[in-house]
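The next block holds one structure in the form of structure tokens; read it before the comments.
Since every read-out is calculated from the coordinates, none of them should be taken as a lab result. What you see is a predicted model; the values in this text were computed from it and never measured. Glycine gets a Cβ as well: all are built from the backbone with ideal geometry, and neighbour counts include every protein chain shown.
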Ligand SMILES: Cc1cc2nc3c(=O)[nH]c(=O)nc-3n(C[C@H](O)[C@H](O)[C@H](O)COP(=O)(O)OP(=O)(O)OC[C@H]3O[C@@H](n4cnc5c(N)ncnc54)[C@H](O)[C@@H]3O)c2cc1C
């Protein structure tokens, strides 16, 4: 006899955790099935004798309320710490040198990351004198930024900044999905910068200013979730039917009232395709970029000659080996100096598959070229073949198609790909899917082992 369950959530990343917690808060009985050996998905911690490194994300923006909703449901909002003042400086590589960018908007006038022409292009946007509206529903981030700010600013500056968010190729990414606020700003204000500043001044309920991190890294989310949710780890789902029957890799079948499928789009595609060809085809085309996150520390303090701060980013035009380096030890007070360097992404995906030794050698050559210092001790590498979702041009139209194809199904989808590519998108999607579901449990769940 197949086991009967109320709600089964497949995938214990941020989207799955958000959906499961919210459904549980609404009185549903939820079981989370996770293929890996811990909850949290890409949000995790790599412990080491140098201190914790991020397996994926390292900080979050307090302006996004879903983070606080998640942390409150988990009872760990008190663990989030505002980033240290020492982490405020950020650097952009320009002409093989680290150029500082201070949080003060006026630093734009003095930074060596921008030429005089770049500053003029910013001023022209700010004054709203450049009006060349987009053609069609969507365009690439590259086309949008070049249209507003010109080629130099786009290639040298925005390409670096966007690498820090999407690790992607701007020519492939959708402007409306990746940077909806900027696209709206252009439409409403005739100036991307003025619109962006106005939206930064608007605060949503539950928002807090600043960036936040956890002393023990993002792994605290999965650990706390495992204590709140009934979970089966190391449990890979191999099939799901339209009427919410779930088959596990060991052949066990669970029959549920509802299923939330919160895995990467490419994993969800073959699970959906046998009974919903259209939805499966849309999901299968959703692209991800791979990343290898190289964790390292200095052999002796000061070896890297990297300044204090949040980290640096490079644009593809600089032709560096890596996309950028996060100064993870500088984020919170008292951390020992340690670094995580991003390699691969949508621009150079093949590099994410290099060996650990090749990765460290590439990072070392970048540090040597940028500061004259060296990357010393390899601590580990976090490898993500499907690291960050890359919303392609026309993504919103594909999402509308997907939602239509899935409407009325007892199997619902969640994941960062519903928004842009970030944690907030994963959380929003998890909470939204729970919100869309009936709050009444119709089948009592049998008691089962809870892994903590
Ligand atoms: C290196 C890196 C850095 C990042 N930095 C940032 C950042 O600074 N800010 C930011 O906002 N975002 C960042 N992101 C993106 C962010 O991590 C993701 O948007 C978010 O974590 C995705 O959550 P998710 O729940 O949608 O998917 P996932 O985290 O991918 O969760 C999916 C889960 O499903 C499980 N699963 C897969 N197949 C099966 C199966 N068959 N059966 C059962 N379970 C299955 C997986 O094991 C996984 O746990 C980063 C990502 C990476 C990789």
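Taking the Cβ-Cβ separation of residue 152 and residue 401 as r and a Förster radius of 30 Å, what is the calculated FRET efficiency to the nearest 0.05? The formula returns an efficiency of 0.20 here.
Give me 208, 28 sorted ascending by neighbouring Cβ count inside 10 Å, so fewest comes first.
Numbers: 208 16, 28 21.
Sorted ascending by nearby Cβ count, the order is 208, 28.
The residues 328, 317, when put in order of fewest to most other Cβ atoms within 10 Å, stand as 317, 328.
Tell me the angle of helix 180-189 to the major Cα principal axis of the chain, expressed in degrees between 0 and 90 and rounded to the nearest ten. With rounding to tens, the tilt is 60 degrees.
Seen against the Cα atoms of the chain and their longest principal axis, helix 395-406 is set at about 0 degrees. Above 30 angstrom, tally the Cα pairs of the chain and express them as a % of all pairs, no decimals. Percentage above 30 Å: 46. Dividing the Cα radius of gyration of the range 114-201 by 2.2 N^0.38 Å, with N the residue count, gives 1.00. Sorting 228, 299 from the fewest to the most surrounding beta carbons within 10 angstrom yields 299, 228.
The simple spin-label model puts a point 7 Å past each Cα toward its Cβ; for residue 61 and residue 82 those points are separated by 1.8 nm. Between the alpha-carbon centres of the range 32-75 and the range 82-110 there is a gap of 26 Å. Largest first, the extents of the alpha carbon coordinates of the range 288-389 on the three principal axes equal 35, 26, 24 Å.
For a quick protection proxy, order the peptides 162-169, 180-187 by their average other-Cβ count within 10 Å, most packed first. Provide the component values of the computation, followed by the final result.
On the way: 162-169: 21.9, 180-187: 17.6.
The peptides rank, most packed first, as 162-169, 180-187.
Against the main long axis of the alpha-carbon atoms of the chain, helix 356-371 sits at an angle near 30°. Translational diffusion of the range 133-288 was estimated from the Stokes-Einstein equation, with Rh taken as the Kirkwood radius over Cα pairs; at 37 °C and 0.692 mPa s the coefficient is 167 µm²/s. Normalised by residue number, the volume inside the convex hull of the Cα atoms of the range 321-361 is 71 Å³ per residue.
With the simple spin-label model, which puts each label point 7 Å out from Cα in the Cβ direction, the residue 37 to residue 208 separation comes to 3.3 nm. Equivalent ellipsoid of the range 1-128: semi-axes from √(5λ) of the C-alpha gyration tensor, largest first, are 42, 19, 15 Å.
In this rough spin-label picture, where each label sits 7 Å from Cα along the Cβ direction, the residue 26-residue 49 distance is 4.9 nm.
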